[in-house]
Amino acid sequence: MLAGQRPPTSGQVWVNGEPYSATRREMYKHKVFALPEEPLRNACVPHMSVAENMALRTFDRPPQAKGILLILKAIRQVAQGLIQQFSVKTPSPETPVGNLSGGNVQRAVLARELSADHIKLLIAANPCFGLDFAAVEFIHGQIVEARNRGVAVLLVSEDLDELLKLSDRILVISGGKFVYESAIAQADFATIGRSMAGH
């Protein structure tokens, strides 16, 4: 819902005093970025190139666009920089993103979402599910680095070890309600486990 993948069943989400439905325009205005679960399905267009997928946030803004014209050279140059910065293993920026491994798809999406200098909130949902150790360590490092430079990170995960490693504060949701809340330093792990199980 917060990343625009499903509509709310009731109520409203407000950001900065305004109704928020996670449209592309609203996400840009409020500086909200997202790393959804299963990024190849939920954050990419598999048959489009790595460069095109990395430009999904910025293709209609300078220097990647001039009026209604796309500047393909600029899109490729930005992608080359992000591929290097985030160690995305791809034969070229023109390779379809669907041809990459899961870890490299995740790196490509993370590069797109974290490369903006005006990001205020990153929503990350199960960001390392099914990835190998090296990819997990890299993605965890990027999330922590974003947090350290002042980005608010909402990490939604079923992996308790991941939550305890990366979070400053933990909330447990069960049955659509917050059932436990604590700073990590004071967290009671047995209670967290019971709350996650709905007890």
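We did not get these values from a lab; they are worked out from the coordinates using the rules stated. The shown structure was predicted, so the numbers you read here are calculated from the model rather than taken from an experiment. For neighbour counting, all protein chains shown are included, and Cβ atoms are generated from backbone atoms with ideal geometry for every residue, glycine included.
Quick notes on this one:
- Principal-axis analysis of the Cα atoms of the chain puts helix 102-114 at an angle of about 90° to the longest axis.
- Against the chain, whose longest principal axis is taken from its Cα atoms, helix 72-85 shows a tilt of about 40°.
- Three semi-axes describe the equivalent ellipsoid of the stretch 78-130; taken as square roots of 5 times the Cα gyration tensor eigenvalues and ordered largest first, they are 19, 16, 7 Å.
- Peptide ranges 113-123, 149-159 listed from the most packed, as the mean C-beta count within 10 angstrom indicates: 113-123, 149-159
- When both the stretch 1-71 and the stretch 108-134 are represented by their alpha-carbon centers, they are found 13 Å apart.
- Dimensions (Å) - the chain, Cα atoms, principal axes, largest first: 54, 40, 29
- Cβ-based charge dipole, the stretch 1-145, positive-most Cα from LEU70, VAL144, ILE123: LEU70
- Cβ-Cβ distance of ARG61 and THR95, R₀ of 25 Å, FRET efficiency by 1/(1 + (r/R0)^6): the value works out to about 0.55.
- Spatially near lysine pairs across the chain, Cα under 28 Å, sequence gap of 8 or more or different chains: 16
- Amide H within-cut-off set for SER174, under 5 Å, with H built and near neighbours excluded: VAL179
- Taking every Cα-Cα distance in the stretch 89-199 and sorting them into 10 Å bins starting at zero, the pair-distance distribution P(r) comes out as 12, 40, 31, 13, 4 percent.
- Computed over the chain, relative contact order equals 18 percent, with contacts defined as Cα pairs under 8 Å that lie 6+ residues apart.
- Highest average first, the peptides 173-183, 124-134 ordered by how many other beta carbon atoms sit within 10 Å of their residues are 124-134, 173-183.
- Fraction of beta bridges assigned by DSSP in the chain that are antiparallel (%, nearest 5): 55 percent
- In the stretch 12-116, one over the average inverse separation of all distinct C-alpha pairs is 14.3 Å, which is the Kirkwood hydrodynamic radius.
- Assigned charges on the beta-carbon of Lys, Arg, Asp, Glu; the chain dipole about Cα centre (debye): 740 debye
- The modelled label-to-label distance between PHE133 and LYS165, using points 7 Å beyond Cα along the C-beta direction, is 1.1 nm.
- For a label point 7 Å along the Cα-to-beta-carbon line of VAL156, residues of the stretch 88-124 with backbone N under 15 Å: 122-124
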